[in-house]
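Heads up: the structure comes next, in structure tokens.
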Amino acid sequence: MLVDREREEEAGEERDEGGKEKEKKKEKRIELYERGYGKDAAGIAKDAIAYAKESGFDVVLIDTAGRMQDNEPLMRALAKLVAINQPDKIVFVGEALVGNEAVDQLVKFDRALRDFTSGSGKGGGGGGGGASASGGQAGGGSGRGIDGMLVTKWDT
């Protein structure tokens with residue numbers, strides 16, 4: 001998880017050599033909030049969000065890389081993370097080199113997330129609705145789905 005903040009330091013009544021009030025200084029900072037593997041991702045995300053709020057950060061990015069859309073335990077853990085933390089946006093990041101498989105991954109990922117956050121007894125609890133990346137309900141469940149997609153390509 002990455003947290004980003006832009007903080008303004010108050011210059012107060014300080015003046016420069018010409019007698020003009022000094023401009024406020026802006027500080028940008030990114031921190032990594034890391035707690036290791038094999039732990040409760042939903043709990044770590046909740047703690048990270050609380051830390052970010054206490055520390056004045058504006059943005060929290062939670063990376064759940066390595067989740068396979070066909071791996072039910074991993075998708076249930078993701079649904080739990082979504083249900084507990086209610087993220088503003090859920091973005092699927094796919095690898096461009098897989099070609100059309102990226103679309104299949106997105107559809108399956110969205111369907112699994114919706115199913116496990118629908119509160120229908122299949123999984124994670126009452127997510128917050130929202131349309132799939134394709135503009136409609138991609139899966140059978142009515143839970144929270146993917147809000148957007150990024151496709152990356154790294155040249156080797």
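Tabulated data for the structure shown
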quantity	calculated
Residue within the stretch 66-82 that is modelled with pLDDT of 85 or more, assigned to a loop (DSSP other than H, G, I, E, B) and open to solvent by 90 Å² or more (accessible area, probe 1.4 Å) present	no
Matching residues, the stretch 114-151, being modelled with pLDDT of 85 or more and surrounded by fewer than 16 Cβ atoms within 10 Å (Cβ to Cβ)	148, 150
Count of the stretch 92-113 residues which are open to solvent by 70 Å² or more (accessible area, probe 1.4 Å) and either over 18 Å from the mean Cα position of the chain (by Cα) or under 15 Å from residue 45 (Cβ atoms) (or both)	4
Whichever residue in the stretch 49-65 is open to solvent by 90 Å² or more (accessible area, probe 1.4 Å) and assigned to a loop (DSSP other than H, G, I, E, B) and, among such residues, is farthest from residue 34 (Cα to Cα)	58
Residue check, residue 45 buried (at least 17 other Cβ atoms within 10 Å of the Cβ) and over 21 Å from residue 108 (Cα atoms)	yes
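The values are calculated or read from the model by the stated rules, or taken from the named source; none is laboratory data. These numbers were taken from a predicted model, which means no experiment stands behind them. Glycine gets a Cβ as well: all are built from the backbone with ideal geometry, and neighbour counts include every protein chain shown. Accessible surface areas use protein heavy atoms only, side chains included; no ligands, DNA or RNA. Shrake-Rupley method; radii C 1.70, N 1.55, O 1.52, S 1.80 Å.
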